[in-house]
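Undergrad: Next up is a structure, given as structure tokens.
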Amino acid sequence: MSIQNSNTPTGLASEHYAGDVYHTAEWHHHGHHDSDTDDAHHQNFWTKYVFSQDHKMISKQFLITAIVMAVVAMAMSTIFRLQLGWPGHKFPFLESFMGHWAKDGVLDPGFYLALVTMHGTILVFSVLTGGLSGTFSNLLIPLQCGARDMASGFLNMLSYWFFLGFNLMMLISLFVEGGPASAGWTVYPPLSALPEAISGSGLGMTLWLVGMALFIVSALLGGINYVCTVINLRTKGLTMSRLPLTIWAFMITAILGILSFPVLFAAALLLIFDRSLGTSFYLSDIFIGGHPLAHSGGSPILYQHLFWFLGHPEVYIIIIPALGITSEIIATQSRKPIFGYKAMVGSILGIAFLSFIVWGHHMFVTGMNPFLGSVFVLTTLIVAIPSAVKVFNYIATMWRANIVLSPGMLFAIGLVSFFITGGLTGIILGNSALDINIHDTYFVVAHFHIVMGSAAIFGMLGGVYHWFPRLYGRMMNKKLGYIHFWLSFVSVYGVFFPMHFLGLAGVPRRYYADSAYEGFHELVNVNSLISVFAIIGALAQLIFIYNFFYSVFRGPKTVQNPWKSNTLEWTAPVEHMHGNWPGDIPVVHRWAYDYSKPNAEDDYIPQTVPFSKTKSSNFPGED
Amino acid sequence: MITTLVYVVLILAIIAIARTVRIFELLDELRGERDTQEINRSDNRFNGFMLLVFLIATIVYFLYVTLKYKRFILPVSASEHGVGIDNMLYVNFLIIIIVFFITQVLLFYFGYRYQYKKENKALFFPDSHKVEIIWTAIPAIVLIALVVYGLVQWNKIMSPAPKDAVIIELYAKQFDWTARYAGSDNNLGKTDFKMIESSNPLGIDASDVHSGDDIIAKELHLPVNTPVLLVMHSRDVIHSAYLPHFRTQMNCVPGMTTQFHLTPTITTEEMRKITKNNQFDYVLLCNKICGVAHFNMSMKVVCETKEEYQKWLGGQKTFADNMKVSDEKTSNSILVSK
Ligand code: HEM
Ligand SMILES: [Cu+2]
Ligand SMILES: [Cu+2]
């Protein structure tokens with residue numbers, strides 16, 4: 001389908017498949033065959049690869065962009081880990097590409113903060129929000145729901161282009177005068193509001209805020225599309241209670257985004273006003289650069305409330321899709337139904353709801369009313385209950401299973417392991433009395449890198465290994481996949497486990513060096529160890545990148561359903577085509593998890609197989 | 001030289017990966033396996049075995065790291081409320097470590113134990129309400145207990161300071177700390193950021209009757225076994241007053257007053273004995289990112305007996321003294337005159 005066809009004024013709805021090619025909403029439309037073939041003639045390089053409105057192509061665009069950004073962010077972390085592991089040591093090669101930010105090969109303290117900030121921003125937003133949801137919601141929502149495409153291909157395309165705009169802003173900001181934003185990924189004012197306070201709060205911060213506005217637009221366009229598609233375009237027979245858990249996860253994630261991102265937009269907008277228009281939403285009583293500022297009456301804490309009202313749901317926007325992917329991979333590769341499907345859906349819903357009323361746990365020591373703090377302690381620790389249920393259900397699914405240890409499955413197991421480890425430290429952080437002494441220390445760094453950073457990255461990588469055949473019609477090399485997994489897995493624990501001890505020793509996060517206090521001097525050894533693992537981990541990702549791009553072009557061709565999976569995406573032809581299925585859209589007859597059903601011929605029964613064909617294995621009432 | 005070397009190593013690494021792939025492919029071709037990346041028996045065996053190895057190795061690594069690094073963990077709490085926090089932390093750790101081991105061991109063991117065999121069939125076991133209710137209820141009960149325990153501590157710590165608490169202000173700016181002692185009237189003079197100038201860096205209002213006896217210093221002295229109310233201010237960005245040994249932390253926010261009260265229980269002298277380190281000193285750190293020198297923003301903390309504290313305080317110049325000096329000499333900083 002070409003772009004000229006999409007000239008409906010709203011860009012919404014299905015009519016943009018002009019020429020009556022097919023209607024996404026009307027799945028029993030016929031005659032797709034001929035139209036699809038002549039559709040191919042309309043395509044040129046630009047409409048096929050660049051301004052594509054096809055969800056599968058957009059999915060790949062998100063994925064490749066995320067991979068590029070992940071490499072940038074990982075390189076940043078390697079650079080600042082060099083400084084932390086070997087403080088003050090000269091690494092001349094740094095100067096060769098960082099110039100005055102690393103004079104004589106020693107990282108500049110200001111640029112250290114810039115790197116930390118951009119590392120966090122890129123990973124949280126580009127890779128784990130845009131990249132993760134953008135790739136898998138786009139690929140799987142239409143394919144697993146049995147839809148021809150997203151509800152609106154045009155908005156979907158826009159969603160990608162806004163996302164790309166955000167990424168370009170972030171990259172450009174690395175090169176501007178004063179450096180990129182440097183106030184930490186949470187960009188708290190006044191530090192982020194006043195260029196006098198830190199050089200990154202000049203043009204770099206402006207680009208950050210404008211970029212974030214673009215990102216929010218992208219997230220909203222994407223999110224609305226995902227929700228509409230799931231609600232309206234499911235194929236016949238695919239009731240909500242038969243949805244694969246991936247789809248549940250993606251839909252809830254999208255709803256979380258739609259409800260919380262506008263608040264971040266407001267927060268950013270007010271910050272822009274304070275920076276450029278002289279308003280005082282967040283600023284008051286400030287004396288800086290040798291003179292008092294006129295701002296009066298604002299509250300920096302207001303910003304934190306607004307930020308974390310998004311910020312906390314945001315961490316679940318990151319982890320829920322990863323959990324959805326994990327549920328799917330674990331069930332498929334365990335050859336066993338996911339344990340407690342209803343509980344799994346219920347716990348996602350519970351987590352999603354609770355995620356809106358826990359944001360204050362990031363602010364226990366801001367001077368917030370202690371009673372309010374108590375309420376947040378209660379709500380925060382309640383989140384651990386549905387989280388625990390998910391973990392138990394994963395483990396129960398693997399009990400007496402028949403597990404295929406594919407690279408995807410290993411990454412899923414890795415995710416569960418991280419989710420346990422990091423979730424448990426959350427229980428400590430969530431108790432305000434304990435948080436007093438470990439807030440903003442390396443203990444928090446350890447917590448969220450394990451439970452969010454590493455877990456979600458593992459979910460994403462697992463998803464890539466699992467659905468690579470669906471994305472590119474080829475298989476990735478499994479041996480490289482195994483090497484990649486084991487090196488990454490070892491490195492994550494190698495890097496983040498010792499950080500708990502740094503935190504318990506009272507080492508603050510975002511310190512360029514631990515030189516201020518005598519007591520920290522002997523911790524250098526711990527930091528060197530962490531940095532060694534960080535470098536190994538980073539190098540291991542090169543293996544993945546090589547494997548990925550090599551397999552895109554040279555990997556062996558896949559069979560239709562390489563993992564013998566039940567879900568609909570594997571019923572579509574290996575070669576991508578517009579509209580996903582050449583003939584009628586498949587009809588669904590059962591849930592997604594009929595693996596190893598007693599008395600069934602095979603250890604899986606795809607959702608498209610009617611009960612009338614599986615008489616031997618039907619339970620009472622299933623016919 | 002080293003620069004070139006680093007780049008060469010990187011390029012070689014990539015070539016090495018490419019070669020490795022090629023070798024894998026050739027090996028596969030020899031075995032006639034090319035073009036299937038299907039997971040076979042030996043993959044399952046290898047990775048299942050690795051899961052077990054990893055589980056054991058990680059447990060050993062965790063124990064090793066714990067034993068090796070546990071001496072870095074903060075020494076005993078030097079404040080009254082901190083003891084409560086520490087005990088609570090141990091209880092929490094005990095619980096999470098138990099859960100950690102049970103769940104991780106099951107996860108990895110199942111991965112190893114139930115690896116795919118063609119002749120096997122998984123158990124079709126989609127749910128069990130009984131089990132699910134049990135494992136929802138148990139965490140719920142444990143967590144509610146932890147919440148109650150936590151809130152009791154929290155409310156104790158956050159309760160209003162006793163009336164007779166010694167009042168000390170922690171004043172933060174990029175990138176240093178200043179302590180202001182309330183003086184004989186135990187009342188801090190008003191401040192106004194518009195009055196800040198080099199001779200009056202905190203912007204103390206000289207016309208306020210409480211100002212004259214205030215004492216400004218670059219060290220935080222705390223009298224032992226005496227309730228102290230720390231009152232916090234910042235003049236530019238958000239900072240955070242972090243006293244790790246006293247289990248104390250509170251943000252310093254421009255335009256706002258925050259506070260934290262504590263009762264120090266161990267003097268610096270005593271802590272030197274406890275830590276067997278006669279160089280030991282308490283410290284006040286900045287724990288909220290505040291700019292380039294954030295990592296260097298700290299102040300020495302001295303905890304001493306009441307008598308020592310009074311003596312030290314007596315030797316300090318008051319705000320009124322300083323203003324006189326600066327009027328006479330127009331010196332540009334009272335801090336220098338200290
Ligand atoms: C058992 C459930 C969890 C609890 C009780 C919990 C609790 C907390 C608390 C209290 C903090 C604030 C710590 C501080 O700043 O002092 C925190 C930080 C954080 N948590 Fe969690 N958490 C849980 C799970 C998660 C999950 C699942 C994710 C993400 C997927 C996550 C991501 C984060 C992040 C990103 C931060 C740090 C943000 C920052 O300051 O930069 N947490 N968590
Ligand atoms: Cu949170
Ligand atoms: Cu500071």
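Since every read-out is calculated from the coordinates, none of them should be taken as a lab result. Because the structure is predicted, anything quoted here is derived from the model rather than measured. For neighbour counting, all protein chains shown are included, and Cβ atoms are generated from backbone atoms with ideal geometry for every residue, glycine included.
Undergrad: So if a site counts as exposed when it's one of the GluC sites (Glu not before Pro), its DSSP state isn't H, G, I, E or B, and it has at most 14 other Cβ atoms within 10 Å, what's the longest stretch of chain A without one?
TA: Working: sites that count: A:GLU26, A:GLU177, A:GLU575, A:GLU601, A:GLU622.
By the stated rule (loop sites, at most 14 other Cβ atoms within 10 Å), A:178-574.
Undergrad: What are the ³J(HN,Hα) couplings of segment B:306-311, residue after residue, when phi is run through the Karplus curve with 6.51, -1.76, 1.60 and θ = phi - 60°? Round to Hz, x for glycine and proline.
TA: Running phi through 6.51 cos²θ - 1.76 cosθ + 1.60 with θ = phi - 60° gives 4, 5, 4, 4, 4, 5 Hz.
Undergrad: Going by alpha carbons, how many degrees (0 to 90, nearest 10) lie between the helix axis of A:109-121 and the longest principal axis of chain A?
TA: In chain A, helix A:109-121 runs at an angle near 20 degrees to the longest axis.
Undergrad: Then there is this: Give me D for segment A:206-282 in µm² s⁻¹, whole number, from Stokes-Einstein with Rh from the Kirkwood sum over alpha-carbon pairs, 20 °C and 1.002 mPa s. Write down the numbers at each step before the final one.
TA: Working: Rh = 14.3 Å.
Stokes-Einstein gives a translational diffusion coefficient of 150 µm²/s.
Undergrad: Write out the chymotrypsin sites (Phe, Trp or Tyr not before Pro) in segment A:419-482 meeting two conditions: DSSP loop, and at most 13 other Cβ atoms within 10 Å of their Cβ. Before the final figure, lay out each step's value.
TA: On the way: sites: A:PHE419, A:TYR442, A:PHE443, A:PHE448, A:PHE458, A:TYR465, A:TRP467, A:TYR472, A:TYR482; in loops: none.
Within segment A:419-482, no chymotrypsin sites (Phe, Trp or Tyr not before Pro) qualify (loop, at most 13 other Cβ atoms within 10 Å).
Undergrad: Using only the Cα atoms, work out Rg/Rh for chain B, with Rh taken as the Kirkwood radius, to two decimals. Intermediate values should be presented prior to the final figure.
TA: Values: Rg = 30.4 Å, Rh = 25.9 Å.
Rg/Rh for chain B comes to 1.18.
Undergrad: How far is helix A:455-472 tilted off the main Cα axis of chain A, in degrees rounded to 10, range 0 to 90?
TA: On a 0 to 90 degree scale, this one is about 40.
Undergrad: Follow-up. By its C-alpha gyration tensor, with a ≥ b ≥ c as the square roots of the eigenvalues, how is segment A:112-180 shaped: rounded for a/c under 1.5, else prolate for a/b larger than b/c, else oblate? Don't jump to the answer; show the numbers that get you there.
TA: Working: a/c = 6.45, a/b = 2.37, b/c = 2.72.
In terms of gyration-tensor shape, oblate.
Undergrad: OK, next. What distance in nm lies between label points placed 7 Å from Cα along the C-beta direction at B:VAL152 and B:ASN187?
TA: 3.9
Undergrad: Please figure out what share of the DSSP beta bridges in the protein assembly as shown is antiparallel and state it in percent, rounded to the nearest 5. Mind dumping the intermediate values first?
TA: Values: 34 of 47 bridges.
The antiparallel proportion sits near 70 percent.
Undergrad: Set the bar at 27 Å for Cα to Cα. Now go through B:LYS276/B:LYS300; A:LYS479/A:LYS557; A:LYS336/B:LYS130; A:LYS336/A:LYS478; B:LYS68/B:LYS173; A:LYS236/A:LYS564 and name every pair that lies beyond it. All intermediate terms of the calculation are to be shown ahead of the outcome.
TA: On the way: B:LYS276/B:LYS300 19 Å; A:LYS479/A:LYS557 17 Å; A:LYS336/B:LYS130 20 Å; A:LYS336/A:LYS478 22 Å; B:LYS68/B:LYS173 37 Å; A:LYS236/A:LYS564 22 Å.
Pairs exceeding 27 Å: B:LYS68/B:LYS173.
Undergrad: First select every other residue whose beta carbon is under 15 angstrom from the beta carbon of A:TYR160; then total the charges, Lys and Arg +1, Asp and Glu -1. Write down the numbers at each step before the final one.
TA: Values: positive: A:LYS48, A:LYS56, A:LYS60; negative: A:ASP54, A:ASP149.
In short, +1.
Undergrad: Can you list the residues, at least 5 places off or on another chain, whose amide H is less than 5 Å from the amide H of B:SER79, using H built in the peptide plane?
TA: When sequence neighbours closer than 5 places are left aside, the close amide H contacts are B:THR265.
Undergrad: Same structure again: Within segment A:160-265, which chymotrypsin sites (Phe, Trp or Tyr not before Pro) sit in a loop by DSSP and count at most 13 neighbouring Cβ atoms inside 10 Å?
TA: Details: sites: A:TYR160, A:TRP161, A:PHE162, A:PHE163, A:PHE166, A:PHE175, A:TRP185, A:TRP208, A:PHE215, A:TYR226, A:TRP248, A:PHE250, A:PHE265; in loops: A:PHE175, A:TRP185.
Passing both the DSSP loop test and the Cβ count: A:PHE175.
Undergrad: Using θ = phi - 60° and the Karplus form 6.51 cos²θ - 1.76 cosθ + 1.60, what ³J(HN,Hα) does each residue of segment A:371-380 get, whole Hz, x for Gly and Pro?
TA: Each residue's phi maps through the Karplus curve to give 5, 4, x, 4, 4, 5, 4, 4, 4, 4 Hz.
Undergrad: Using θ = phi - 60° and the Karplus form 6.51 cos²θ - 1.76 cosθ + 1.60, what ³J(HN,Hα) does each residue of segment A:434-446 get, whole Hz, x for Gly and Pro?
TA: Rounded to whole hertz, the list is 6, 5, 3, 8, 10, 4, 6, 9, 5, 4, 5, 4, 5.
Undergrad: Once segment B:166-284 is represented by equal point scatterers at the alpha-carbon sites, with solvent omitted, what log10 I(q)/I(0) does the Debye formula produce at q = 0.14, 0.21 Å⁻¹?
TA: Taken in order of the listed q values, log10 I(q)/I(0) reads -0.61, -1.22.
Undergrad: Divide by every residue of the protein assembly as shown the summed helix terms, -39500 (n - 2.57) for each DSSP H run of at least 4, and state the resulting mean residue ellipticity at 222 nm, rounded to the nearest 500 deg cm²/dmol. All intermediate terms of the calculation are to be shown ahead of the outcome.
TA: Working: 25 runs with 503 residues, N = 961.
Taken over the protein assembly as shown, the calculation gives -18000 deg cm²/dmol.
Undergrad: Let me ask another. Defining a contact as two alpha carbons under 8 Å apart and six or more residues distant in sequence, what relative contact order in percent does chain A show?
TA: Values: 1066 pairs, mean separation 96.2, N = 623.
Computed value for chain A: 15 percent relative contact order.
Undergrad: Quick query: amide H of A:ARG474 versus all other amide H atoms, modeled in the peptide plane; which residues come in under 5 Å with a sequence gap of 5 or more or a different chain?
TA: The list, which skips near neighbours in sequence, is A:THR558.
Undergrad: Further, regarding this structure: If amide hydrogens are placed 1.01 Å from N in the peptide plane, which non-local residues have theirs closer than 5 Å to the one on A:TYR604?
TA: Counting only residues 5 or more places away or on other chains, the set is A:SER596.
Undergrad: Under a cut-off of 15 Å between alpha-carbon atoms, report the aspartates and glutamates in cross-link reach of A:LYS390, not counting same-chain residues fewer than 8 places apart.
TA: By straight Cα distance, A:LYS390 reaches A:GLU328, B:ASP127, B:GLU132.
Undergrad: For an R0 of 35 angstrom, estimate the FRET efficiency from the Cβ-Cβ distance between B:LYS68 and B:VAL9 and round to the nearest 0.05. Could you put the intermediate results ahead of the total?
TA: Numbers: r = 30 Å, r/R0 = 0.86.
FRET efficiency, B:LYS68 to B:VAL9: 0.70.
Undergrad: So what's the protein assembly as shown giving for Rg/Rh, alpha carbon basis, Kirkwood Rh from the mean inverse pair distance? Intermediate values should be presented prior to the final figure.
TA: Working: Rg = 29.8 Å, Rh = 29.8 Å.
Over the Cα atoms of the protein assembly as shown, Rg/Rh equals 1.00.
Undergrad: For helix B:2-30, what angle does its Cα long axis make with the longest principal axis of chain B, in degrees from 0 to 90 and rounded to 10?
TA: Tilt relative to chain B: about 20 degrees.
Undergrad: Does segment A:364-503 come out rounded, prolate or oblate, given a ≥ b ≥ c as the square roots of the eigenvalues of its C-alpha gyration tensor, rounded meaning a/c under 1.5 and, failing that, prolate meaning a/b above b/c? Don't jump to the answer; show the numbers that get you there.
TA: Working: a/c = 2.73, a/b = 2.00, b/c = 1.37.
Prolate, because a/c is 1.5 or more and a/b exceeds b/c.
Undergrad: For a quick check: sort B:ARG247, B:ARG45 by the number of other beta carbons within 10 angstrom, fewest at the front. Please report the intermediate quantities before stating the final value.
TA: Numbers: B:ARG247 26, B:ARG45 15.
Going from sparsest to densest Cβ surroundings: B:ARG45, B:ARG247.
Undergrad: Taking every alpha carbon pair in segment A:427-466, what does the distance histogram look like in 10 angstrom bins from 0, in percent?
TA: 29, 37, 21, 12, 1
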